[in-house]
Amino acid sequence: MADAGATPVLRFARHAVAIASADLRKLRRDPAELFTRAIQPLLWFLVFGQVFARARVIPTGSLSYLEFMAPGVLAMSVLFAAIFYGIAVIWERDLGIVHKILASPASRPSLVVGKAMAAGVRGLIQGVFVVVIAVVMGVSVRLDPAGIVGVVAAVFLGSALFATFSLVVACVVKTRERFMGIGQVLTMPLFFASNAIYPISMMPPWLGAIARFNPLTYLVDALRTLLVVGAVSAVGVWLDFVVLAVIFTVLVGVAARLYPGLAR
């Protein structure tokens, strides 16, 4: 009854928030997942970052290598956490939860956006761990309000984008075994064909061309500019957000069409 007099936009928002809240309740029951995911970025800082910082083989301009790499590690954490988000949807299908969700009055796009919002909140919690580790390691982090708000927005949008991409993959493959195989195949090329741990200028031309079509490249560029003192965007932060927002919108449309098929 509460939705009867609501505008379509308000009704969409309510449904999306309800789906996100349901997903986040799972996180409250098992918060250990977030702490275990913090181990991977710590290893990247302590091992990979320290070795390459001493080797001085990667040109990073006025930034130290740790400062250059920190946003890449943050983006990597977002990617690795969100790209396997779809397997939870497959579990929901196997438990019969997807059928119940699809029987609700919520529109398909609001269901997808709700799950993307939940992934965004997870990404923000994960991002706090990475930023704290970066500060402890000596990275000069921007603390001005514009930088903080920008990093929050970029992490949330990046998590939502890759979680929605993961949902699309889950809707196509439909089994946990296939999803795990494809997820592992996708994560490493996305990560290494980006500017996360080395600049695009170091890449061979063919890899540089791929990197420019990789959404992770734009997420890293936005995070590097907004997070690290003295960093300069390669393409413009506004363009980074536009590219991420457009890709996210397209993926929401694709996932909304495919999501009902997951229940079959």
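Name the most mobile residue of 212, 11, 25, meaning the one with the largest mean-square fluctuation, in a Gaussian network model of the chain with Cα contacts below 10 Å.
25
Testing the spin-label approximation: label points 7 Å from Cα along Cα→Cβ at residue 245 and residue 18. State their distance in nm.
Simple spin-label model gives 2.8 nm for this pair.
Would you mind pulling out the separation of the Cα centroids of the stretch 159-193 and the stretch 43-104, in Å?
Computed from Cα coordinates, the inter-centre distance equals 13 Å.
Between residue 229 and residue 56, what is the spin-label point distance in nm, taking each point 7 Å from the Cα along the Cα→C-beta axis?
So the label points at residue 229 and residue 56 sit 2.2 nm apart.
From the P(r) of the stretch 155-224, can you give the percent of Cα pairs sitting at distances over 18 Å?
Of all Cα-Cα pairs in the stretch 155-224, 44 percent lie more than 18 Å apart.
Once phi is turned into ³J(HN,Hα) by the Karplus curve 6.51 cos²θ - 1.76 cosθ + 1.60 with θ = phi - 60°, what whole-Hz value does each residue of the stretch 187-196 show in order, with x for glycine and proline?
With the stated coefficients, the stretch 187-196 comes to 5, 5, x, 4, 6, 6, 8, 8, 9, 5 Hz.
Residue 228's amide H: which non-local residues (gap 5+, or another chain) put their own amide H closer than 5 Å, with H modeled 1.01 Å from N in plane and none for Pro or chain starts?
It is 142, by chain and number.
Hey, what number do you get for the chain at 222 nm if only DSSP H runs of n ≥ 4 count, each worth -39500 (n - 2.57), divided across all residues, to the nearest 500?
On the way: 13 runs with 190 residues, N = 264.
For the chain, the value works out to -23500 deg cm²/dmol.
No value in this document is a laboratory result; all are computed from the given coordinates. Keep in mind the model is a prediction, meaning the values are calculated, not measured. Here Cβ is always computed from backbone atoms with ideal geometry, including for glycine, and neighbour counts include all displayed protein chains.
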